[in-house]
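> Have a look at this one before I ask anything.
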Amino acid sequence: MKTKIRQWIESCFSDKAKGIFVLLAFVSLILMVVGSFGAGMSGDEESHNIQAEHIYDFYRTFGKDKTAVTVTDQYNQPLYGQMVDNFSYAFSRWFGISDIMQVRHTTNTICGWLAILFTSLIAFRISGRKYLPVILTFLLFVFSPRFIGHSFNDLKDVPLVTFMAMGMFYMVVFLQDFPKVKASTMVMLGLSIGLAMAVRVGGLILIAYFGFFALIRYIILCRGEGFGAWSKGKAFRKLLFYGIVISLGGYVLGVLLWPYALMSPIKNVMAAFAEMSAFSVNIKQLFEGSMQWSASLPWYYTPKYIFMTIPVAVMVGALVYLFTGWGKDRRFYTFFLLFCFAFPVSWIIYTKANVYGGWRHSMFCYPTLVAMAGMGFYSLYERFRRPVLRWGLGVALPAVLLIAPACHIFANHPYEYVYFNGLAGGVKNAYGKYELDYYYHSTRKGTEWVLKNADISRLKPGEKFKVATWHTPSVGYYLKQDTAHFRPVFSRIYQMGNNDWDYAVFTVTGMNPDWLTNKNMFPPVNTVHVEEMNGKPICIVLERADRNDLEGYRAMRAGKTDSAKMYFYRALEYNPYNEQALENLADLYLNENNADSAFAIASFWASNVPSNITALSLLANACFARNDISGAAAVATNIKKISPNEITGYWLAAHCYLRQQNMQMALNELLALVEKQPYGPAYRLLAQIYQSAGQTQAAQQCMQIAEQLR
């Protein structure tokens, strides 16, 4: 063993390219692990850490504690194997480490580094064991800001990338060595399948890949008589035997590491796969300058996000390889790399999958694209003989193209993942058009600012500062540093005027683009700290300097209308663009039939945030109150244009037609509405229209549906 280690070390010094790669790998591992110590929590960490505790208790009690395997309408975490989360939790328990999030981040960072390493090794095998394509692939991956940023804290997606890359590497080794495959290769391939499955059920795709490419490789070898002394029949039987043993072994390992699957190894795995394939969560997010529901995003959402947020160098290298990688000796592996990248993306498009948060759900397909890019630049190096061309195009070109993403990584830690490439115009151009910190990384810095700068001497004995946020798990985790003086409270940013808080921490995500780009409104006047990237805010910290909006809301709830209006007007003196105060005032005026005042308030609000559906709805209702049906109809049309997948515009339009006694058009609007979303009041209104038209059976059917939706 010592002799082999000594020989390997000596080879690193004798083979300069190998030595450079080993040095790059070692230095990057150290830098990435160090970088993980500055990372904040991601959006899903709290829920998966809770499930990790349940899984720990499941194994500790030998399955008696079944919390980890119980799926409810409100709790679907058992559907995730989340093996790396579970390991991180167990490690922190065994060694008494209180900062569980740092254990998670460090573990996940190592997983990210392993994904880069195995991807580079894929290029090593395909290139014929040459180290220059390995170095190129490694650099292209390690300077991919989105992946590096996610590797710090995204235990939901990065471990799957790791074990997919690992599985694809050992798949390449298996296919190259077949029929003389080493036992260690088969063990590692089975291990990759099991670990990928134990992270997420989608890891089972490795079995499908293995069967598909093994069959193609067998056909190719048959045509070329590449079995040596082996007969075709014997080779096929051996391939089938190996495939079954490896796949079954990987499946069994995945089941053993995933409690929900362990309870029913076939039924529950299939149930998890079906649930993940038809993900029901519908999240509103900013895409192409408008707020859109994730279930109704355009088909090109995933590919567009990929090519906006990966380094230009990766795109150029992959494109080169698509033209140069079809030589006889590499044709099969070019197809292998291309298929493993393109198939998942194509499947998302074909099935109209519910995706959000950029392309993190399809991040597992990225390694083969990077390997293609590394091989693409290497093919330029191979193609030319003149040193100027081969070094210029094969080495200098990717190095130059990687300068921008490398600078982004070092300049914007720990927010590396908030990256848009030069073709997309960078973060500055993306601001107000696409989500920036969609995974809440910046709540840590915002919360730490509050801890450092809040004047606790203002507090009375036993009193605590209330820190409002949309994402209470991350803010609450970092407030644990001082629970004597701080506690988190939940609030949406648009409803903060109705809630009691002293400080607020909000990442710039899920926010109306018109609000974000209106300099009079954003950041709000009570902003005391901004986390920025390239001059654009990704997180804001607010301090409550005026409480009139809250007092007005309390008075409104108590039925003290005059006092409520007084407070709201005082709030607007402090901040004329206080959206909650504007909304509450407009509601008050509508309730007391003061249509003109409601119209004035709603018009002012809508003129400043013209795509705000709440403001437009109030404006339409004010038009109704003024008997301005044409004005209400115009607003309804505008709402349908801004947000075609929401029901508000159709509901308002139906009422406009009802006011005009146009029953057929009202019917059409309501039918379009319930096609978008089942809505009880719409079915009741449909029943009334059908009943008035003498269509009793249709009316009864609509009422039955309405009752079911109650």
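> Looking at 615, 571, 606 in this structure, which one is outside the structural domain of residue 292 (by TED's automatic domain parsing), closer than 25 Å to residue 493 by Cα, in a helix (DSSP H, G or I) and touching a residue at least 40 places away in the same chain (Cβ under 8 Å)?
Just one listed residue meets the conditions, 571.
> Something else about it: Out of all the residues in region 574-599, which are without any contact (Cβ under 8 Å) to a residue 60 or more places away in the chain and under 22 Å from residue 642 (Cα atoms)?
Looking only at region 574-599, we keep the residues that are without any contact (Cβ under 8 Å) to a residue 60 or more places away in the chain, and these are 574-577, 582-583, 585-599.
Matches in region 574-599: 577, 582, 583, 586, 599.
> Six or more apart or on different chains, Cβ under 8 Å: which pairs go from a residue in region 394-417 that's closer than 22 Å to residue 381 by Cα to one that's surrounded by fewer than 22 Cβ atoms within 10 Å (Cβ to Cβ) and acidic (Asp, Glu)? Could you list them?
Listed pairs, sorted by first residue: 394/382.
> Let me ask you something else. Filter region 479-494 down to the residues that are free of Cβ contacts under 8 Å to residues at least 40 places away in the same chain and among the hydroxyl-bearing types (Ser, Thr, Tyr), then identify the one that is surrounded by the fewest Cβ atoms within 10 Å (Cβ to Cβ).
The extreme case among them is 483.
> Scan region 468-494 residue by residue and report those that are within 14 Å of residue 445 (Cα to Cα) and part of a loop (DSSP other than H, G, I, E, B).
Within region 468-494, 471 is the sole residue that qualifies.
> Among residues belonging to region 141-191 that are assigned to a loop (DSSP other than H, G, I, E, B) and among the basic types (Lys, Arg), point out the one that is farthest from residue 115 (Cα to Cα).
Residue satisfying both the conditions and the ranking: 180.
> Looking at region 443-463, which of the residues that are of a type in the set (Gly, Ala, Ser) and modelled with pLDDT of 95 or more is surrounded by the fewest Cβ atoms within 10 Å (Cβ to Cβ)?
Checked region 443-463; the qualifying residue surrounded by the fewest Cβ atoms within 10 Å (Cβ to Cβ) is 454.
> Looking at region 207-221, can you tell me whether even one residue there is part of a loop (DSSP other than H, G, I, E, B), free of Cβ contacts under 8 Å to residues at least 12 places away in the same chain, out of contact with any Cys (no Cβ under 7 Å at 6 or more places or on another chain) and in the same structural domain as residue 332 (by TED's automatic domain parsing)?
no
> Sort through 321, 301, 305, 260 and tell me the only one that's assigned by TED's automatic domain parsing to the domain that holds residue 199, touching a Leu at 6+ places or on another chain (Cβ under 9 Å), within 27 Å of residue 48 (Cβ to Cβ) and aromatic (Phe, Trp, Tyr).
None of the other options fit; the residue is 260.
> Which pairs have Cβ atoms under 7 Å, sit 6 or more apart or on different chains, and link a residue in region 87-116 that is loosely packed, with under 15 Cβ neighbours inside 10 Å to one that is modelled with pLDDT of 95 or more?
Pairs found: 97/103.
> Turning to a different aspect of this structure: Taking the condition buried (at least 18 other Cβ atoms within 10 Å of the Cβ), under 30 Å from residue 304 (Cβ atoms) and of a type in the set (A, V, I, L, M), does residue 427 pass? Lay out the reasoning, then the answer.
Details: buried (at least 18 other Cβ atoms within 10 Å of the Cβ): yes; under 30 Å from residue 304 (Cβ atoms): yes; of a type in the set (A, V, I, L, M): yes.
Taking the combined requirement at face value, the residue satisfies it.
> How many residues are at negative phi and surrounded by fewer than 22 Cβ atoms within 10 Å (Cβ to Cβ) if we restrict to region 538-559? If you could, list the steps in order and put the result at the bottom.
Keep residues of region 538-559 that are at negative phi, which gives 538-558.
Then keep just the ones that are surrounded by fewer than 22 Cβ atoms within 10 Å (Cβ to Cβ); that gives 543-548, 550-551, 554-558.
So the answer is 13.
> Let me ask another. How about region 530-560: which of its residues are assigned to a strand (DSSP E or B) and out of contact with any Asp or Glu (no Cβ under 9 Å at 6 or more places or on another chain)?
530, 532, 536, 542
> Follow-up. Just the residues that are out of contact with any Leu (no Cβ under 6 Å at 6 or more places or on another chain) and either free of Cβ contacts under 8 Å to residues at least 24 places away in the same chain or part of a strand (DSSP E or B) (or both), please, taken from region 495-529.
503, 505, 506, 507, 519, 523, 528, 529
> Out of region 87-138, which residues are within 26 Å of residue 259 (Cβ to Cβ), part of a helix (DSSP H, G or I) and charged (D, E, K, R)?
93, 104
> State yes or no: is residue 271 at pLDDT below 90, in the same structural domain as residue 86 (by TED's automatic domain parsing), surrounded by 12 or more Cβ atoms within 10 Å (Cβ to Cβ) and closer than 30 Å to residue 63 by Cα? I'd like the intermediate steps shown before the answer.
Details: at pLDDT below 90: yes; in the same structural domain as residue 86 (by TED's automatic domain parsing): yes; surrounded by 12 or more Cβ atoms within 10 Å (Cβ to Cβ): yes; closer than 30 Å to residue 63 by Cα: yes.
Answer is yes for this residue.
> Any idea how many residues of region 108-131 are out of contact with any Lys or Arg (no Cβ under 8 Å at 6 or more places or on another chain), over 22 Å from residue 31 (Cα atoms) and not hydroxyl-bearing (Ser, Thr, Tyr)? Before you say what the answer is, go through the steps one by one.
So in region 108-131, the residues out of contact with any Lys or Arg (no Cβ under 8 Å at 6 or more places or on another chain) come out as 108-123, 125, 127-130.
If we keep only those that are over 22 Å from residue 31 (Cα atoms) as well, we get 122-123, 125, 127-130.
The next check asks that each one be not hydroxyl-bearing (Ser, Thr, Tyr); those that pass are 122-123, 125, 128-130.
Summing the residues that are out of contact with any Lys or Arg (no Cβ under 8 Å at 6 or more places or on another chain), over 22 Å from residue 31 (Cα atoms) and not hydroxyl-bearing (Ser, Thr, Tyr) in region 108-131 gives 6.
> Within region 585-609, count every residue that is under 34 Å from the mean Cα position of the chain (by Cα) and closer than 14 Å to residue 553 by Cβ.
Here the count works out to 0.
> Next question, about the same structure. Consider region 450-467. How many of its residues are outside any loop (DSSP other than H, G, I, E, B) and either farther than 17 Å from residue 489 by Cα or in contact with a Ser or Thr (Cβ under 6 Å, 6 or more places away or on another chain) (or both)?
Within region 450-467, residues that are outside any loop (DSSP other than H, G, I, E, B) and either farther than 17 Å from residue 489 by Cα or in contact with a Ser or Thr (Cβ under 6 Å, 6 or more places away or on another chain) (or both) number 5.
The values are calculated or read from the model by the stated rules, or taken from the named source; none is laboratory data. Everything quoted here is computed from the prediction, not taken from an experiment. All Cβ positions, glycine included, derive from the backbone under ideal geometry; neighbour counts span all protein chains shown.
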